[in-house]
Amino acid sequence: MKHLLPALLLVVITSLSSHPSFADGAVLNANTATAEELANVPNMDEDLVGAIVNNRPFATIGALDELLGADLSDDDLQALYTHLFVPIKLNSADKSEILLIPGIGDRMAHEFEEYRPYSNIEQFRMEIGKYVDEKEVARLEQYVTLD
């Protein structure tokens, strides 16, 4: 048993570090994550994984929120969205979608909208970088797309 413990610990560490949401704070895209990746998201059960996989693709985060909102509380959804999301379209997302990004309040949602249209992601970085540091801009960038 004594010799198995280091090997087991290595398997756990490797498993956690190879998963993007655990290793570096990466946010999985609900439309492209595999069922295995979804199953590794904290508090995700088999029924939720099935619901997500069977209802893809989600046109917006609002569509995913509507699906999951029937089973999860607002607090549980916010916790889930730190690991799993459908990126919002910077130039067309409505305020309710922007507010689903974890940590975004009314003021920052207003800033997202104020600088539209965004011609490229560098413009997003520059404009939002006026209000938050580089690390936060990088975190927020995971939740947006120009498409």
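The values are calculated or read from the model by the stated rules, or taken from the named source; none is laboratory data. What you see is a predicted model, and the numbers here were worked out from it, not measured in a lab. Every residue, glycine among them, receives a Cβ derived from its backbone with ideal geometry; neighbour counts consider all protein chains shown.
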Residue check, VAL86 without any contact (Cβ under 8 Å) to a residue 60 or more places away in the chain and surrounded by 19 or more Cβ atoms within 10 Å (Cβ to Cβ): yes
PHE124 more than 20 Å from TYR81 (Cα to Cα) and part of a helix (DSSP H, G or I): yes
ASP74 passes all but one of (1) modelled with pLDDT of 95 or more; (2) more than 16 Å from LEU28 (Cα to Cα); which number fails? (1)
Going through segment 89-110 in order, the residues found to be surrounded by 16 or more Cβ atoms within 10 Å (Cβ to Cβ) and either assigned to a helix (DSSP H, G or I) or among the small types (Gly, Ala, Ser) (or both) are ALA93, GLU97, ILE98, MET108, ALA109
Looking only at segment 14-39, how many residues end up being in a loop (DSSP other than H, G, I, E, B) and at pLDDT 95 or above? 6
Touching a residue at least 40 places away in the same chain (Cβ under 8 Å) and part of a loop (DSSP other than H, G, I, E, B) - does that describe any residue in segment 61-78? no
